[in-house]
Amino acid sequence: MNRRVFLGTAGSLASVGTLAYATREPTVTLEIRVWLSEHAASYGGVTDRIQEYLERIFDLEHWSLAVSSGGAVDVSTENGAAVTSGGEWPAALASGAIGRRDLSPVSDVNLLVTDGQMEAAPTGYGIPHIASVGGAKHIAALDSFDDLFSSPEADADRWIVPNGRPSRTIQILTHEVGHALGLQHDHGVAYRYGDAIVASPMLSSYAWSSDYDDDGSRCGTNYPDPADLDRKLSLAFSPCARRELAEYSGGFLP
């Protein structure tokens, strides 16, 4: 499935007319701020678990990392994709940027996590500097980063984990943050790993979806036929995704 051009979001931002895009050369500190919907905030420890994973996954040599919490926000839908694709979350951030709402966006990634379903796509959405995803209850059930990789089904050296609902949810969250930083689906890779096929964050479950129509990645690798292979997930970005992140220098400012 190709990325869609979403005009409603652009319209929401343009109607406020207050967010200006800026370039910072180089990006010294990458800022990610996490908000929860009020329903998502009812699960204990969700913000801490999200911050823990973001601090490990995005701890790259290109920048220092600042992950913070924005608290809980009132939204009209728990649908992790529609809250951004329908323009509500971008409009809320735009209002916060000019002081019309008690909500302070950061320059790089503004992530909203809801209590939305994670069974049927789309479960999240990402546009430049803005992302949202459902699955708060699955993140609440997620093991700590180190405990997840202590499973005999995991590979701590390659950051490979089983395709369970909690681990898939945190990978999709990583996927949407990747979109907010400019990554596309073909920055993801899939590869054979014993009797399994492993998908990196930007490809995710598209690796075994009949709806995905690309044959290969920007890394120069082809996607293997999933056939009857087991499915596993990687939380590590591909080499071409990491190269793209190394070039990131954008942000938005009020």
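Yes or no: region 140-160 includes at least one residue that is surrounded by fewer than 18 Cβ atoms within 10 Å (Cβ to Cβ), farther than 17 Å from residue 237 by Cα, at pLDDT below 95 and of a type in the set (D, E, K, R). Scanning region 140-160, I find at least one residue that is surrounded by fewer than 18 Cβ atoms within 10 Å (Cβ to Cβ), farther than 17 Å from residue 237 by Cα, at pLDDT below 95 and of a type in the set (D, E, K, R), so the answer is yes.
Give region 105-120 a look and list any residue that's of a type outside the set (Asp, Glu), touching a residue at least 40 places away in the same chain (Cβ under 8 Å) and part of a loop (DSSP other than H, G, I, E, B), or say none. If you could, list the steps in order and put the result at the bottom.
As a first pass, look at region 105-120 and keep what is of a type outside the set (Asp, Glu): 105-107, 109-114, 116-118, 120.
In the following step, the residues that additionally are touching a residue at least 40 places away in the same chain (Cβ under 8 Å) were identified as 105-107, 109-114, 118.
Selection gives 105, 106, 107, 114, 118.
Summed over region 221-254, residues that are touching a residue at least 12 places away in the same chain (Cβ under 8 Å) and over 23 Å from residue 154 (Cα atoms) total 12. When region 208-251 is limited to residues that are assigned to a helix (DSSP H, G or I) and touching a Ser or Thr at 6+ places or on another chain (Cβ under 9 Å), the one that is nearest to residue 172 (Cα to Cα) turns out to be 241. Checking the structure you have, find out if any residue of region 99-111 is at pLDDT 95 or above, surrounded by fewer than 17 Cβ atoms within 10 Å (Cβ to Cβ) and among the small types (Gly, Ala, Ser). Yes, region 99-111 has at least one match. Looking only at region 121-167, residues that are at positive phi and either assigned to a strand (DSSP E or B) or of a type in the set (Phe, Trp, Tyr) (or both) come to 1 in all.
Please specify each residue of region 185-205 satisfying the condition of being acidic (Asp, Glu) and outside any helix (DSSP H, G or I). Steps first, answer last, please.
Taking region 185-205 as the starting set, the residues that turn out to be acidic (Asp, Glu) are 186, 195.
Listed by number, the list holds a single entry, 195.
The values are calculated or read from the model by the stated rules, or taken from the named source; none is laboratory data. Here the structure is a predicted model, which is why all the values come from computation and not from measurement. All Cβ positions, even for glycine, are placed from backbone atoms using ideal geometry, and neighbour counts span all protein chains on display.
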